[in-house]
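The next block holds one structure in the form of structure tokens; read it before the comments.
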């Protein structure tokens, strides 16, 4: 089985590149992927297919035939797990690139449409990295953050509301994303290893 978390060395290097704390990066992982970690038991990455993004990327042309895959209403995600890959596979039969771009991937749940900002000009190389290792997930996160000055400043200052706004979108407060990261960060201070 693949490791569900990046190595301590990976976190140390990532933190050095961002001039941030490893604990801040670990808090993001705890909020995004939760207890599942980076991979399912069958070694596929944790994913979440987002039907409203698929609809946007395909101009709604599959709304009628596949409303569970293409829908203007955000949500309807269901639980994480293998069935998310089944939804992704069904969407990929309709439009592969749009399906991959409409999915959030791995330990930090980076959206596929952000593959270029995460350091992968070619979408398939991003997907390959998401299947490869948790350290690859961390590398993609670091590049993604470094490409956004607001995220860099926010993670260094541990300004979780600003981080949440730029990482999770303007609706972050509805899910208390900023508060959940702050709590995860504080919880990690109470652990002996701080592994996330």
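No lab work stands behind these numbers, since they all come straight from the coordinates. Only a predicted model underlies this, so the values are computations on that prediction, with no experimental measurement involved. Don't worry about glycine lacking a Cβ; one is built from the backbone with ideal geometry, like all the others, and counts go over all protein chains shown.
Can you grab the distance from the C-alpha centre of the range 148-169 to the C-alpha centre of the range 56-107, Å, no decimals?
27
How big is the chain in terms of Cα radius of gyration and Dmax, in angstroms?
Spelled out, the Cα radius of gyration and Dmax of the chain are 16.3, 52 Å.
At a Förster distance of 35 Å, what's the computed FRET efficiency of residue 97 paired with residue 187, Cβ-Cβ distance as r, to 0.05?
Using R0 = 35 Å, I get an efficiency of 0.40.
Per the Kirkwood definition applied to all pairs of different Cα atoms, how many angstroms is the hydrodynamic radius of the range 47-105?
Evaluated on the range 47-105, it is 10.8 Å.
Computed FRET efficiency, Cβ-Cβ of residue 157 and residue 128, R0 22 Å: what is it to the nearest 0.05?
0.05
Can you give the helix-only mean residue ellipticity at 222 nm for the chain, where every DSSP H stretch with n ≥ 4 adds -39500 (n - 2.57) and the sum goes over all residues, rounded to the nearest 500 deg cm²/dmol?
Taking each H run of at least 4 residues, the total per residue is -15500 deg cm²/dmol.
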